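Structure first, then comments.
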Amino acid sequence: MSALTLIYAGLFYAAAALLIGGLGYKIAQYARTPAPLKIPTTPAPTTAAGAALRVAREVALFESLFKANKWIWLFASLFHAALLMVLLRHLRYFLEPVPAWVAWIQPFGMYAGFGMVAGLGGLWARRFLVERIRYISTISDHLMLALLVAIAVSGLAMKYVSHTDIVAVKAFMLGLMVFDLQPLPADPNLLLHLALVAALMAVFPLSKLLHAPGIFFSPTRNQADTPREVRHLAPWAAELEKH
Amino acid sequence: MAAPTFETPKFRDIPIVPVLMPQAMAASRPFVAAAPIQQALGFPGELVPDWEQKAIAKLGELLGKYRSLRVYLDACVHCGACTDKCHYFIGTQDPKNMPVARQDLLRSVYRRHFTVAGKLFPKLVGARDLTKELLDDWYTYFNQCSECRRCSVFCPYGIDTAEITMAAKEIMNSIGLGQKYTNEILGKVHRIGNNLGLPGPALEDTLLGLEEDIAADTGVEVKLPLDAKGAEVLLVTPSADFFSEPHVESLIGYAKVFHQAGISWTLSSHASEAGNFGMFVGNYEQMKKISLRVRQAALELGVKRIVVGECGHAWRVAYSFWNTLAGPWDFLDSRYPAPQHICEVTHDLIQRGALTLDKEANDHRIITFHDSCNVARASRMGGTPGGQFTIPREIIKSVANHFHDMHPDTIGEKTFCCGGGGGLLTDDLMELRVKGALPRMEALKQVVDEHKVNFMATICAICKAQFSKVLPYYGFDMSMVGGVHQLVSTAIRLGAKE
């Protein structure tokens, strides 16, 4: 087994552990922290199902962002939808046999790579061109965009510039999942792509990418508007009742 | 008082997003509360020596108690959706009044002390230590947020800057840095029962005077009872309703409505205040203590229903928080919501034909309606979402013939704060209040020009006080603002059903 294979296997095990462990920790933390007061942004749904649907619309359609700014909505939607397609397309490297629907979306997934770059480009351009967004942007905001663009571009390069040994890559990935290491091709483009993806996995629970789990725990969005009907009492607030 | 040293903003020809003017409002700071005011509330009298550690510890405590704070400090991606939504930003052009920039004043400290990335690479992620300079920025700019929640409507994650501002104010109070106006009022409500510090006998006197005024105007004996045991309804209303103009006109309106509907009601000298400034400073215990006065009064007087008068943040606390803070209300009549808004009561009576209304009596008024931020985005009226928008408008249309809404982007859930909410309704913040009113004044100007609107109705004591003061800066008459029940009062024909 080559040193390269060992390094990348180690890299992915570490990145996966950080991603799963870190995200699990944050989700548990969000779930454990009480929301002591009813604070849905109104008008709000009056049932739990309605509130769940509101969150679903935020996740799938970016409803509030659409109200706020059509440009950000356009670029953000393009990027996220494309990212979803790309992720689904990549299932073909982790599943054997490849499900029919994964095979079916393959061509769309390829174009989605360009969609990702276009969406990210639009969002990045705003960080330079719009004075207000330039003012609030930090170095990490730029680095995050750079990381995502580099992942997309290095991925597209394997399709459109120089092909990599995809069969070997798949064998490596399938092996990783059952702790049976297979050799990884020493293609620089592939190595860059994989290293960047591992970096993204590692920083996920430490960065603003926490907006992904965060939206599900946002009290202004996930609470039903029922304060008069149902008494809402957090555990620490219930303690105050005793005094 | 010295003459104002600022210029009233010009109406914009096209309301485009203004360019940034860094530090434009860096000098806008409300007076700091003196030691006796702070100590009366159980806060340190002045900035404690080890304030930095104490502040970080308090932030840690709040992170464990409020999921909103925990999630919102993590989730922001700096997308910029909120950057042009705050009325204070639009009016002042100070970039630190952009909601995300305001949040970042606290978020940067959170990152530094509570996140791995901020501990290891502070520069990279915008993490900062809480220096004296940054604390000064906290005091300056968290006192330039009226907690109106307009930004939370537009945030893709629902991040509510009000939650961040409340946490920051709670932290500042806990280290001895309080705001004079708000904390002085909190002291008064605990001591005397209302924000104005109006004692029981003075209140009784005022109400007797109002009864005489109504009798002189209408020839009908309408009562404004105080501490009447066994009454059906306890009315809890902002204390400004007792003597401020135009507030008192709405109080007269409530009295006439109860009178004609034959509902027995009373005010309470113990709970003579609907306002709850405990919310403005993000302090759960303060908010609870003030809310409990209402519960005590309701039990003492043996009422069956509680109705809340025209007050925005009070209705938020009453509607959204009372059940949590002072409930359960199982001793009240379960056929009515607890609490009920006065507009719900009046609307219901109109629907049932219980009021005799002469719409023509309001024909001299061409009316628009200003949705108050806390009613619009933090509460509801009636049984369906959005009732807080339709019910007051239906009342207005039932008592008057001429009504025109302002621009759709400035009403409903997108309404602009009056510029005086959140504990900022003080003369030492006059520049902020005038500039923060700009977006509302622009929308008003439009309906004044197009429809000759001469009356802006609203259901909030703070809005009424703020607009009375600010309207003249924009060339409007201060008496253009008034309450919805002021209109009801004009239209109602007493005696017709007796």
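Below is a table of values for the structure above.
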quantity	calculated
Among the residues listed as B:20, B:47, the single one being at the interface with chain A (Cβ under 9 Å from one of its Cβ atoms), part of a loop (DSSP other than H, G, I, E, B) and more than 26 Å from the chain's Cα centre (by Cα)	B:20
Helices (runs of 4 or more DSSP H) within region A:112-224 that include 3 or more residues at pLDDT 95 or above and either within 30 Å of residue A:234 (Cβ to Cβ) or away from chain B (no Cβ under 11 Å) (or both)	A:139-160, A:166-177, A:188-203, A:211-214, A:219-222
Count of region B:50-85 residues which are of a type in the set (Gly, Ala, Ser), facing chain A (nearest Cβ under 7 Å) and in contact (Cβ under 8 Å) with a residue 40 or more places away in the chain	3
Residue ID - farthest from residue B:244 (Cα to Cα), chosen from residues in region B:457-490 that are surrounded by fewer than 24 Cβ atoms within 10 Å (Cβ to Cβ) and among the hydrophobic types (A, V, I, L, M, F, W, C)	B:476
Members of region B:1-45 found to be aromatic (Phe, Trp, Tyr) and over 15 Å from residue B:427 (Cα atoms), listed by number	B:11, B:43
Helices (runs of 4 or more DSSP H) completely within region B:54-155 that count 1 or more residues being over 29 Å from residue A:234 (Cβ atoms)	B:87-92, B:99-114, B:116-120, B:122-125, B:132-142
Candidate set: region A:39-55, residues that are touching a Ser or Thr at 6+ places or on another chain (Cβ under 8 Å) and buried (at least 23 other Cβ atoms within 10 Å of the Cβ); chosen: the one nearest to residue B:389 (Cα to Cα)	A:42
Flag for residue B:207 being of a type outside the set (Asp, Glu), away from every other protein chain (no Cβ under 14 Å) and within 17 Å of residue B:421 (Cβ to Cβ)	no
Conditions (1) touching a strand residue (DSSP E or B) at 6+ places or on another chain (Cβ under 6 Å); (2) within 14 Å of chain A (Cβ to nearest Cβ); number of the one not met by residue B:371	(1)
Verdict on residue A:161 being of a type outside the set (S, T, N, Q) and either within 23 Å of the chain's Cα centre (by Cα) or farther than 12 Å from residue A:189 by Cβ (or both)	no
Residue match in region B:272-285 (condition: in a helix (DSSP H, G or I) and over 14 Å from the mean Cα position of the chain (by Cα))	yes
Residue in region B:350-360 that is under 22 Å from residue B:377 (Cβ atoms), assigned by TED's automatic domain parsing to the domain that holds residue B:293 and β-branched (Val, Ile, Thr) present	no
Residue list for region B:69-95, filter: acidic (Asp, Glu), buried (at least 23 other Cβ atoms within 10 Å of the Cβ) and farther than 18 Å from residue A:204 by Cβ	B:94
One residue from A:44, A:35, A:81, A:56 being within 14 Å of chain B (Cβ to nearest Cβ), modelled with pLDDT of 95 or more and assigned to a helix (DSSP H, G or I)	A:56
Region B:328-338, residues that are within 7 Å of chain A (Cβ to nearest Cβ) and more than 16 Å from residue B:236 (Cα to Cα)	B:328
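The values are calculated or read from the model by the stated rules, or taken from the named source; none is laboratory data. In this text, all values refer to a predicted model and were calculated from it rather than measured experimentally. With ideal geometry, Cβ positions are generated from the backbone for all residues, glycine too; neighbour counts draw on all protein chains shown.
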